[in-house]
Amino acid sequence: MLLSSLLEFYDIFVGSFDLFLEGLWITFKLSIASLLIAFVIGLFIAILKISNIKILQWIADLYIWIVRGTPLVVQIFILFYGLTDIFLIPMFWAGVAGLAFHSGAYIAEIIRGTIQSIDKGQREAGRSLGMTSGMTMRRIILPQAFRRAVPSLGNQFIIGIKDSSLVSFIGMQDLFGVASSMGSNTFNYLPYFITVAIYYLFIVLILTLIVNKIEKKLARSD
Amino acid sequence: MSEVREMIRVDKLNKSFGDLHVLKDIDMTVNESDVVVLVGASGSGKSTLLRCLNFLEIKNSGTITIESENVEKETHNLNKIREKVGMVFQHFNLFPHKTVLGNVTEAPIQVKGISRQQAVKEGKELLDKVGLGDKYNVYPSTLSGGQKQRVAIARALAMKPDVMLFDEPTSALDPELVGEVLATMKELALEGMTMVVVTHEMGFAREVGDWVVYMHDGKIVETGIPSDLFDHPQEERTKAFLSSIL
Ligand SMILES: Nc1ncnc2c1ncn2[C@@H]1O[C@H](COP(=O)(O)OP(=O)(O)OP(=O)(O)O)[C@@H](O)[C@H]1O
Ligand SMILES: [Mg+2]
């Protein structure tokens with residue numbers, strides 16, 4: 001009994017490999033693109049937040065408040081319909097926009113926190129050598145802040161990859177989208193969802209190992 | 001003695017943090033190659049005065065003249081002024097993500113735009129001079145406090161400043177490491193560097209200082225050559241301070 005269901009699962013796992021590979025490729029592109037954009041948004045918003053200009057801080061706070069205050073799936077739908085209907089942007093990029101919009105807020109908070117954790121003597125040392133405040137930020141503060149942010153950023157990237165599964169609700173055939181369609185086509189849901197869980201576990205495992213390696217490397221130079 | 005050149009001149013300098021009036025009508029002149037030692041109780045405003053001199057703090061009123069330029073933040077590029085006024089901090093503030101040599105070459109390359117090759121050559125010379133010729137490529141975290149402070153001095157010197165400010169450069173050091181830093185500073189003074197030094201090291205003040213300035217509660221109470229100020233203080237406050245630290 002157990003053996004036969006294991007064998008059945010094995011057949012499904014192997015038989016769906018090609019389809020899931022396509023989904024994996026979409027998940028991969030989606031995650032990389034959205035996280036890169038989210039990182040740029042995050043850095044930008046973090047700098048707005050630590051600027052001493054009230055209106056800029058206020059814009060950053062508003063953005064973070066909106067992201068935190070609404071479910072990701074709602075953000076994805078609003079951006080999807082907004083971007084594809086009004087601006088005629090392709091579905092893939094609408095999905096990227098939704099995910100990047102969301103992760104950007106969390107990455108902003110991570111980067112702001114680590115920037116503020118850098119001893120203020122670092123800034124003063126930079127300024128006392130004649131460096132401009134932008135140069136001091138770029139050359140002295142940010143490199144240290146990014147090092148400190150690696151564990152939290154890695155964690156946020158992992159969350160971002162898992163969250164990318166929500167784009168299947170707007171019809172994208174990412175990993176989770178493939179699993180849902182296969183399930184509903186065959187009326188045999190469980191094996192496909194277990195299969196997709198294995199794919200996610202595997203991706204997260206690889207990413208965790210990479211982050212750990214980077215952390216070790218950075219720890220050595222400290 | 002007609003060739004005395006004024007490096008820093010401070011007139012009626014006032015600085016407040018909110019309601020706290022920290023510097024009150026400070027007048028001070030530092031001539032070229034002078035070593036001025038600032039002493040005074042904790043909270044008397046010594047650090048704030050130094051920080052005003054390189055514009056890490058912006059004064060509320062009064063004038064600060066650096067090499068005959070009346071420097072105002074509205075009319076001057078303060079970054080350019082800071083290039084000429086080096087600063088050494090109590091807690092070193094080395095850049096932990098850069099090697100010792102990287103710390104020393106960063107500002108010359110980024111700010112002055114000199115070639116990496118040239119910056120490395122000069123950086124190595126400075127590190128050799130402060131006795132760290134074997135530490136070019138290590139990170140600051142592997143150094144002792146005394147070594148860190150000598151790197152910090154080399155880093156400031158790499159910008160070829162005309163004046164060096166030291167804010168309690170040996171206060172964070174274990175006693176056995178104080179000597180090496182003071183020796184480096186003395187060497188610098190003998191080479192003719194203009195220096196303003198906040199320190200509690202009275203031996204250094206006597207031996208190397210040209211002038212001692214005693215501050216109390218945001219005011220300069222008394223200024224004199226070390227032997228006069230230490231041995232024959234004129235003001236009651238100075239006497240009280242000196243007896244409290246001996
Ligand atoms: N950034 C700041 N904001 C508010 N108050 C400050 C600030 N910097 C210094 N002060 C206050 O100004 C006064 C003078 O401080 P300052 O650091 O100049 O004294 P100091 O003579 O260097 O003392 P110490 O020997 O302890 O270093 C203190 O009361 C201090 O609390
Ligand atoms: Mg001080």
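Nothing in this text is a laboratory measurement; each read-out follows from the coordinates by a stated rule. Remember, it's a predicted structure, so these values are computed and weren't measured experimentally. No Cβ is skipped: glycine too gets one built from the backbone with ideal geometry, and neighbour counts run over all protein chains shown.
Things worth noting here:
- Residue check: B:Y136 meets all listed conditions (1) aromatic (F, W, Y); (2) assigned to a loop (DSSP other than H, G, I, E, B); (3) within 14 Å of chain A (Cβ to nearest Cβ) but one, namely (3).
- Taking helices (runs of 4 or more DSSP H) as the structural unit, those lying wholly within the range A:1-107 and holding at least 3 residues that are small (G, A, S) correspond to A:2-15, A:17-50.
- The single condition among (1) under 30 Å from B:T99 (Cβ atoms); (2) within 16 Å of ligand 1 (Cβ to nearest atom); (3) more than 21 Å from the chain's Cα centre (by Cα) that B:F166 does not satisfy is (3).
- Filter result (over 17 Å from B:I109 (Cβ atoms) and more than 7 Å from chain B (Cβ to nearest Cβ)) within the range A:112-136: A:R112, A:G113, A:T114, A:I115, A:Q116, A:S117, A:I118, A:D119, A:K120, A:R123, A:S133
- Members of the range B:77-102 found to be facing another protein chain (nearest Cβ under 9 Å) and assigned to a helix (DSSP H, G or I), listed by number: B:L78, B:N79, B:K80, B:I81, B:R82, B:E83, B:K84
- From the options B:S47, B:S33, residue that is polar (S, T, N, Q) and within 25 Å of B:E191 (Cβ to Cβ): B:S33
- Among (1) touching a Leu at 6+ places or on another chain (Cβ under 8 Å); (2) closer than 27 Å to B:L101 by Cβ, the one test that B:K160 misses: (1)
- One residue alone among B:A107, B:A172 is within 14 Å of another protein chain (Cβ to nearest Cβ) and under 26 Å from B:A205 (Cα atoms), and that residue is B:A172.
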